[in-house]
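Student: Sharing a structure below in structure tokens format, with a few things to ask.
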Amino acid sequence: MSTTTTSTTAADETLSLRSQAAGARRSAAGLRVLKRSPLMTAGLIMIGLVVLCAVLAPFVGTRNPIQQNLALANRPPVWQPRGVADAPLGTDQFGRDVWSRIVYGAQISLAIGMAASLLGALVGVTAGLVAGFYGGKVDILVMRIVDLNLAFPLILLALAIAAILGPSLQNLVMVMALTTWMIYARVVRGVTLSLREREFVQAARAIGVSNARIMWRHILPNLLAPVMVLWTLELARVILMESALSFLGVGVPPPTPTWGRMLAEGRGLLTTAPWIATFPGIAITIMVLGVNFFGDGLRDLLDPRLRKQT
Amino acid sequence: MTAYVVQRLLLAVLVVFGVSIVTFFLTFLSGDPAVLMLPPDASAEQIARFRSEWGFDRPIIVQYGNFLWRALQGDMGTSLRHGTPALPLIAERLPATLQLTVTAMLLAVALAIPLGVISATQRGSPIDLLTMTVALVGQAVPNFWLSIMGILLFSVTLGWLPTSGRGSVLHIVMPAGVLAIGLMALLTRLARSTMLEVLSEDYVRTARAKGLREWVVLSRHALRNALIPLVTVIGLQFGYILGGAVVIETVFTWPGVGLFTIQAISNRDYPVVQASVLILSSAVVLINLLVDLLYGVLDPRIRVQA
């Protein structure tokens, strides 16, 4: 008991020394939130694991992910007979280490997922904000473009465009962003429509604040909560779609390891080397599940109305 | 209601028109469609001949006009690989894709609604927890991976189901099942939350207070109102299901439009890709139109607003 008190006091002292009381209050609130939402904690841990693997790939990976070694081809995971220690999840038909390829694949998945969902959010929020704020012809034009974009089966559109442009990291990010911006535009437009009639916006307008400044300083901050929730959901979807495109052969070109292509390559060897296709799928599931958990927790947190129901 | 229907119809026509513009310009994304469609080693002379033969040397507006005019007459160009008109090639594969997607959607709806209702009425019970966990995981698992794992288990290990192709009932079990899972997970969660919302409404309390049997309260008063948002989402998800079918058809070599399109993409057979994008997107627009109309029937408030 006394030790706890001492350590708490000690911690308090350090914090006050740093004189970052506000920051401390925020992080304490953050910790309380995590304690109350096991789902969010689980999500954060899963995301953290994948991010750590991606960032520390050169250290976590046991071998060079693209180095072939035919003498070690199609070795099973280490816990099976014939498994080798430096390829813990087995090797593929070229003797490349499945674990190391998964770890490096996480970099691609995360990079494309983050870049595309952020780009999509940027475009979508801007479009929705402008449409909702100005209304009229601008609104009609933006929303018709949204409708048009939504009419395409997105993966088919992404496939066609990626195939025509040629697969590269930048092209994939653009193609993915093209499949996600509309959702932001729709939601943001709706929220903006109701926000622009609120008193604080009317007041700002009355004292002569410019439109750009009203959107930036008064409306945008109020959009953060829904946009963040949406962003987590879309991040999960974009990661899934990237792996699907990669699986279908229009992902980042070889020899870069991607989860989707690993699965595609392992597909033909299901009977002899099932581990090649199995583990990348588990990696995708962990990542997407983590993001979904986090997003669900975030939504419960930011929207108390929903929290009551579930 | 007539005004509402007319308004929706016009909007749908407008969107299809937009779809045709995007589809047309798809091949211009890389700069020159002639270069895109010919093999990489084509000579300058071959490219020039191809260009004048297919009208790529005319002004772009004229080209689009021709494209649209021919498309309206059912001519979507000729498959570069098969040498026959592209549209019939798509059309003859459409039934397989529709069979797959409709089966998957029916499967998802048939399972999701009862599961969601049970979860909502027994909130917090082990059944609820289990259903929600499965639903969460179901939304995160990539369907192509699940297909491969399914093949590993049901075809390779147990030998119960065929790995590919179309024919008997057994052939559709795995593709439709896998395709249904994502939608089912989504609908189960949605059905649960809308049911929870509806169950706390005054009219449900009134129904209970009248002494109606719980079954009647659930089916007549609660579920009927919870169905409205579900119908919209089911409609909106049709596009996703069609997209998912492209992937699933490839895994199971299901002879539908999706598999054919993937093959066309790898063969650089762009007239077929264009035809497929145009047809599938128009199908999505059509389904959304039907859902909008159905929505108007289900919820009279929508009609009045329009």
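Student: Using the Kirkwood formula over every pair of different C-alpha atoms, what hydrodynamic radius in Å results for the stretch A:156-272?
Tutor: Numbers: mean 1/r = 0.0587 Å⁻¹.
Hydrodynamic radius (Kirkwood, Cα pairs) of the stretch A:156-272 is 17.0 Å.
Student: I need two numbers for the stretch B:168-306: Rg to one decimal and Dmax as a whole number, Cα atoms only, in Å.
Tutor: Rg then Dmax for the stretch B:168-306, in Å: 20.1, 67.
Student: Let me ask something else about it. Cut-off is 10 Å between beta-carbons; in what order do B:Ser164, A:Ser117 appear when sorted fewest neighbours first? Present the calculation step by step, with values, prior to reporting the outcome.
Tutor: Values: B:Ser164 15, A:Ser117 28.
Exposure proxy ranking, most exposed first: B:Ser164, A:Ser117.
Student: Using a 10 Å cut-off around each Cβ of peptide B:143-153, what is the average number of partner chain Cβ atoms that fall inside?
Tutor: Numbers: counts 2, 12, 16, 2, 3, 10, 6, 0, 5, 6, 0.
For peptide B:143-153, the averaged partner shielding equals 6.
Student: Percent of Cα-Cα pairs more than 28 Å apart in the stretch B:4-156, please. Can you show the working numbers first?
Tutor: On the way: 6179 of 11628 pairs.
Every Cα pair in the stretch B:4-156 considered, those over 28 Å come to 53 percent.
Student: On C-alpha positions alone, give me the angle between the axis of helix A:98-134 and the longest principal axis of chain A, in degrees, nearest 10.
Tutor: In chain A, helix A:98-134 runs at an angle near 20 degrees to the longest axis.
Student: D for the stretch A:232-281, whole µm²/s, Stokes-Einstein with Kirkwood Rh over alpha-carbon pairs at 37 °C and 0.692 mPa s: what number? Show your work: numbers first, answer last.
Tutor: On the way: Rh = 11.1 Å.
D = 295 µm²/s.
Student: In the protein assembly as shown, if every C-alpha pair distance is counted and binned at 10 Å from zero, what percent goes to each bin?
Tutor: Pair shares across the bins are 3, 13, 23, 26, 20, 10, 4, 1, 0, 0.
Student: On the principal axes of its Cα set, how long, how wide and how thick is the stretch A:39-307? Give whole Å, largest value first.
Tutor: Answer, in whole Å and largest first: 76, 41, 27 Å.
Student: While we're on this one: Within chain B, which is the longest segment that contains none of the trypsin sites (Lys or Arg not before Pro) sitting in a DSSP loop with at most 12 other Cβ atoms within 10 Å?
Tutor: Numbers: sites that count: B:Lys210, B:Arg213.
Answer - B:1-209.
Student: Let me ask something additional. Taking trypsin sites (Lys or Arg not before Pro) that fall in a DSSP loop and have at most 15 other Cβ atoms within 10 Å as cut points, what is the longest piece of chain A between them? Before the final figure, lay out the partial values.
Tutor: Working: sites that count: A:Arg82, A:Arg198.
It works out to A:83-197.
Student: Shifting gears a bit: Apply the Debye scattering formula to chain B, with a single equal point scatterer on each alpha-carbon and no solvent, then give log10 I(q)/I(0) at q = 0.11 Å⁻¹.
Tutor: -0.83
Student: If you take each beta carbon of peptide B:38-48 and count the beta carbons of other chains within 10 angstrom, what is the mean? Please report the intermediate quantities before stating the final value.
Tutor: Numbers: counts 0, 0, 0, 0, 0, 0, 0, 0, 0, 0, 0.
Neighbouring Cβ atoms belonging to other protein chains average 0 per residue here.
Student: Another question, then. Using just the C-alpha positions of the stretch B:68-134 as equal point scatterers, what log10 of I(q)/I(0) does the Debye formula give at each q in 0.16, 0.20 1/Å?
Tutor: Values returned for q = 0.16, 0.20 Å⁻¹ are -0.67, -0.85.
Student: Helix A:181-195 sits at what angle to the longest principal axis of chain A, using alpha carbons and giving 0 to 90 degrees rounded to 10?
Tutor: With both axes taken from Cα atoms, the answer is about 20 degrees.
Student: Springs between alpha-carbon pairs under 10 angstrom, Gaussian network model over chain A: which of A:Ala85, A:Ala42, A:Ala277 fluctuates most?
Tutor: Greatest mean-square fluctuation among the candidates belongs to A:Ala85.
Student: Can you give the mean number of other chain Cβ atoms that lie within 10 Å of the Cβ atoms in peptide A:286-297?
Tutor: Values: counts 1, 1, 5, 5, 1, 1, 4, 2, 0, 0, 2, 0.
Counting Cβ atoms of other protein chains within 10 Å of each residue's Cβ and averaging gives 2.
Student: Which order results if B:Trp215, B:Trp254 are arranged by neighbouring Cβ count within 10 Å, fewest first?
Tutor: On the way: B:Trp215 8, B:Trp254 26.
In order of increasing Cβ crowding within 10 Å: B:Trp215, B:Trp254.
Student: Compute the helix-to-body angle for A:275-302: its Cα long axis versus the longest principal axis of chain A, expressed 0 to 90° and rounded to tens.
Tutor: 20 degrees
Student: Turning to a different aspect of this structure: For the stretch B:217-291, what ratio Rg/Rh do Cα atoms give with a Kirkwood hydrodynamic radius? Walk me through the numbers before you get to the answer.
Tutor: Values: Rg = 16.8 Å, Rh = 14.1 Å.
Checking Rg against Rh, the ratio lands at 1.19.
Student: Right, another one. How high is the relative contact order of chain A, in percent, with contacts defined as C-alpha pairs under 8 Å that are six or more residues apart?
Tutor: Numbers: 436 pairs, mean separation 68.8, N = 310.
After rounding, I find 22 percent.
Student: Okay, next question. For chain A, with a Gaussian network of springs between Cα atoms less than 10 Å apart, report the residue from A:Ser168, A:Ser210, A:Ser243 with the top mean-square fluctuation.
Tutor: Per the Cα network of chain A with a 10 Å cutoff, A:Ser210 tops the list.
Student: Within a 10 angstrom radius of the beta carbon, how do A:Trp216, A:Trp259 rank from fewest other beta carbons to most? Kindly include the intermediate steps, with their values, before the conclusion.
Tutor: Details: A:Trp216 12, A:Trp259 28.
With the fewest neighbours first, A:Trp216, A:Trp259 line up as A:Trp216, A:Trp259.
Laboratory data are not the source of any read-out in this text; all were calculated from the coordinates shown. Keep in mind that this is a model prediction, so the values were computed, not measured. Every residue, glycine as well, gets a Cβ built from its backbone with ideal geometry; the counts of neighbours run over all protein chains shown.
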